[in-house]
Each structure stands twice: as C-alpha cells, then as structure tokens.
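Step one of this worksheet: look at the structure below.
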Amino acid sequence: MPSSPTSKAELFPMIHPLPMQIMEQWTKSMEAAFKSMMQMAEFAAEVIDGATIKHINDLTANLISGTRMFNPALAMRSAPARSAVKKTTRRVAVVTGGCGGIGTEICRKLARNGCQVVSTYIAPEADFAKQWQKDRKAEGLDIDVVECNVTDFVSCEHMAREIEKKYGGADILVNCAGITKDNTLRKMDEAHWHAVLDTNLDSVFNVTKQFIDGMSSRHFGRVINISSVNGQKGQFGQTNYSAAKAGMIGFTRSLARELADQGITVNTVSPGYVNTKMAMAVPEDVRNGIIAKIPVGRFAEPSEIAHAVAFLASDESGYITGSDLSINGGLFMM
Ligand code: CAA
C-alpha cells in the first residue's frame with residue numbers, strides 16, 4: 001500500500017520553489033488576516049451593548065423609511081417622517097386616561113409585555129398621576145406620565161412632541177380617556193352633551209392625528225380605541241355617551257381603511273360593564289337590573305379588557321384591522 005505524502009516536496013513535486021515561497025507567504029498573510037478578523041469578531045461580541053443594538057435598530061428604521069421613500073405612491077401618502085427613527089428598541093405605547101380603572105390595567109399589561117408605556121393625565125390630576133406612577137414603580141413597572149388634555153388639539157400636539165423627543169414616537173396608541181354624564185335627553189343640558197362628545201370622540205381625532213405619520217414612516221402601528229357595549233346597542237340615559245362610542249367605531253373603520261397598507265391596524269374594543277368607579281356610579285338598583293341581563297352573570301374585571309387590548313397591540317395581530325372586539329359577557333351579541 002503506498003504511504004501518504006508528508007512533506008511539501010512530496011505533496012507538490014512539480015511546483016517550482018519560487019511559486020512555492022510565494023504561496024507560503026500568501027498563506028501566512030491570509031492566516032494573519034483571518035486571525036485579525038476573528039479577534040475583531042470576539043471584541044465586537046464583548047462590547048455589543050444596548051447602545052450598539054439601538055444603533056442597529058436606528059439604521060434598520062432608516063432603511064425601512066428609506067425604502068418607503070422610493071415607493072412614490074407611499075411616499076406621497078405618508079407625510080415627511082417627523083419621527084421615522086425610534087430612540088428605544090422597545091415598543092412605545094401611549095395610553096390616554098391610563099391612570100383610570102381600565103387604563104391602569106392596560107398600562108400594566110403592556111408594560112409587563114415589554115413596552116415602554118406612557119400614560120396621559122389631565123392637569124388637575126397631576127398629583128394623583130405622580131402617585132399612580134410611584135405605585136406602578138413599586139410594582140416594578142417603569143411607566144412614564146405626560147400631561148395632556150385630550151379635548152384640546154394643541155395640548156395633544158405638545159404631548160406628542162414630548163413623547164417624540166423622549167422616545168422617537170409611539171408604536172401603539174390606546175385611546176382610553178372617557179367620561180360619562182348620564183341623563184335622559186329631556187334632562188341633559190348642552191354642556192353635558194359637549195363634555196362627553198369632546199372627551200370621548202373629539203379626543204380620538206386630536207390624539208390619533210399626532211401619531212399616525214410616525215407610525216406610517218416606520219411602517220408599524222397599532223391604534224386601539226376603547227368603545228363600549230352602549231355604543232353598539234344604545235343605553236337608556238346615554239344618548240351622549242352612546243353617540244360618542246358609536247362614533248368611535250365609525251372612525252375606526254374609516255381609519256383602518258386609510259392605513260391598512262402602511263403596517264398600521266386600527267381596531268375598537270367594546271367593553272360591557274366593568275368593575276370600575278364609572279360603572280359603580282350607576283345607581284345600585286339599575287346596576288342589579290343590568291347584571292340580571294348579563295349571561296355571564298357579573299361585571300368584567302379591568303384585566304379582562306386589558307388582555308384584549310394587549311392581543312390587538314401585539315406584533316402578531318397585523319391582519320386584524322377595522323374590527324370591533326366585544327367583551328361584554330354576552331350582554332349584547334351582534
Ligand atoms: N328603560 C326604560 N325606562 C327606564 C329605564 C330603562 N333602562 N331606566 C329608568 N327608566 C324610567 C324610570 O322607570 C322612570 O319612569 P317614571 O318616570 O315612569 O317613573 C323614568 O325612566 C326616569 O328614570 P329615572 O328616575 O331613573 O331618571 P333619573 O333621571 O333619576 O335617572 C339615569 C336617569 C341617570 C339615566 C339613570 O337611569 C341611570 O343612571 N341609568 C344607568 C345608565 C347607564 O347604564 N350608564 C352606564 C354607566 S357605565 C358606562 O357607561 C361604561 C360602559 O361603557 C358600559
């Protein structure tokens with residue numbers, strides 16, 4: 001059996017010594033270059049940190065918005081990218097009325113899911129909001145609070161600018177701020193009509209308008225409007241509230257169509273009666289009458305609404321848009 005070759009002379013008997021020397025030098029240079037590359041890779045692996053990840057994220061966002069600018073149809077439709085580049089790798093979620101009964105659970109849920117959550121509050125409730133923020137901190141949740149009067153367009157612009165400065169924009173918007181001023185139409189005064197329409201419906205225009213250009217530039221967005229079973233079915237004593245909540249559903253369906261090709265989904269969640277201060281303000285006898293009509297036999301817990309919001313806010317829910325998710329224990333079935 002022939003023995004296997006061991007020396008270069010045996011391996012390459014026909015090669016002249018000069019090319020052999022050149023080959024050896026070339027091999028050494030290649031080895032040195034390869035070693036340097038390996039050292040660089042090891043070094044990069046050691047130093048890669050949050051800042052580097054953020055830089056990669058920013059470059060990716062720029063690339064995405066750059067690509068969109070080359071699509072003339074989309075570039076024309078999306079306004080100049082006011083906030084194309086995010087300043088954090090986390091999803092930023094803005095929750096209006098986030099310090100309220102349902103809002104608090106939405107904030108908790110989104111924060112636990114890894115979002116940077118920002119709740120808005122109105123100026124007269126500044127002390128309450130700061131305490132609320134401390135309480136969340138004690139639970140291990142770092143939630144930001146920003147002042148905003150959702151009935152005032154300019155106030156909403158300021159709030160959005162602050163969020164843009166801090167985080168580079170918002171990916172998720174939950175329009176949750178809302179009030180009731182219940183009365184039969186005969187007894188309802190003009191102020192109560194306007195207060196409910198301004199806070200529950202105009203607010204959705206005022207706030208949503210601030211964020212959709214940024215979402216469009218980054219080709220990702222989730223807008224979730226908190227409507228109500230009483231917007232779906234009507235309720236004795238709630239012409240103002242039901243009109244506003246039904247209006248939200250129409251707004252949602254129209255905006256969903258406008259933004260569907262830009263990676264943005266727009267949906268409503270329509271809770272039934274939820275264990276919050278708002279529902280507890282309903283006189284007890286009326287409340288008992290309502291419970292008697294709920295097939296599940298009880299009011300919802302705020303966390304049950306937050307669960308649905310988090311579902312619609314997730315990256316995986318990109319194909320759900322223009323929908324209205326009922327969470328009412330069977331009180332109203334469409
Ligand atoms: N259907 C038909 N008739 C009704 C009625 C009903 N649901 N409720 C009351 N009436 C009648 C009363 O029997 C009374 O009749 P008479 O004059 O013949 O006695 C008349 O209407 C006037 O009723 P009230 O005495 O109750 O009138 P009021 O002015 O004291 O109260 C009200 C009216 C403030 C609207 C009160 O009925 C009420 O609070 N209702 C609850 C409204 C409600 O469900 N709000 C939901 C709040 S929670 C929320 O909105 C969150 C969400 O998204 C679900």
Fill in the blank from the handout: Flagged in region 239-248 as within 13 Å of the ligand (Cβ to nearest atom), under 14 Å from Ser270 (Cα atoms) and not charged (D, E, K, R), in numbering order, are Tyr241, Ser242, Ala243, Ala244, Ala246, Met248
Problem - Condition met for Lys181 (open to solvent by 30 Å² or more (accessible area, probe 1.4 Å), free of Cβ contacts under 8 Å to residues at least 60 places away in the same chain and on the phi < 0 side of the Ramachandran plot) - result: no
Fill in the blank from the handout: Flagged pairs (Cβ under 6 angstrom, 6 or more apart or on separate chains; first in region 213-241, closer than 21 Å to Tyr319 by Cβ and among the basic types (Lys, Arg); second more than 10 Å from the ligand (Cβ to nearest atom) and open to solvent by 10 Å² or more (accessible area, probe 1.4 Å)) are Arg218/Ala61
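Yes or no, residue by residue, for (1) over 21 Å from the mean Cα position of the chain (by Cα); (2) surrounded by fewer than 15 Cβ atoms within 10 Å (Cβ to Cβ):
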| position | (1), (2) |
| --- | --- |
| Arg108 | no, no |
| Arg112 | no, yes |
| Cys115 | no, no |
| Val118 | no, no |
| Asp127 | yes, yes |
| Gly140 | no, yes |
| Cys148 | no, no |
Problem - Residue satisfying all of: in region 249-275; assigned to a strand (DSSP E or B) and within 13 Å of the ligand (Cβ to nearest atom); surrounded by the most Cβ atoms within 10 Å (Cβ to Cβ) among these - result: Thr268
Fill in the blank from the handout: Across (1) hydrophobic (A, V, I, L, M, F, W, C); (2) open to solvent by 30 Å² or more (accessible area, probe 1.4 Å); (3) part of a helix (DSSP H, G or I); (4) within 16 Å of the ligand (Cβ to nearest atom), Phe236 clears everything bar (3)
Handout entry: Residue check for Ala306: touching an Asp or Glu at 6+ places or on another chain (Cβ under 9 Å) and open to solvent by less than 20 Å² (accessible area, probe 1.4 Å)
Key = yes
Exercise for the section: Inspect region 192-207 for any residue being within 16 Å of the ligand (Cβ to nearest atom), closer than 18 Å to Ala313 by Cα and out of contact with any Phe, Trp or Tyr (no Cβ under 7 Å at 6 or more places or on another chain) and give the result as yes or no. Expected result: no
Exercise for the section: Sort out which residues of region 276-298 are part of a helix (DSSP H, G or I), aliphatic (A, V, I, L, M) and open to solvent by less than 70 Å² (accessible area, probe 1.4 Å), and write them in order of number. Expected result: Ala279, Val286, Ile290, Ile291
Exercise for the section: Give the number of residues within region 299-334 that are in a helix (DSSP H, G or I), closer than 14 Å to Pro271 by Cβ and of a type in the set (Ser, Thr, Tyr). Expected result: 1
Problem - Candidate set: region 209-233, residues that are within 13 Å of the ligand (Cβ to nearest atom) and open to solvent by 30 Å² or more (accessible area, probe 1.4 Å); chosen: the one nearest to the chain's Cα centre (by Cα) - result: Gln232
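The values are calculated or read from the model by the stated rules, or taken from the named source; none is laboratory data. Keep in mind that this is a model prediction, so the values were computed, not measured. Ideal geometry is used to build each Cβ from the backbone, glycine not excepted, and the neighbour counts take in all protein chains shown. Note: areas computed on protein heavy atoms with side chains; ligands, DNA, RNA excluded. Shrake-Rupley method; radii C 1.70, N 1.55, O 1.52, S 1.80 Å.
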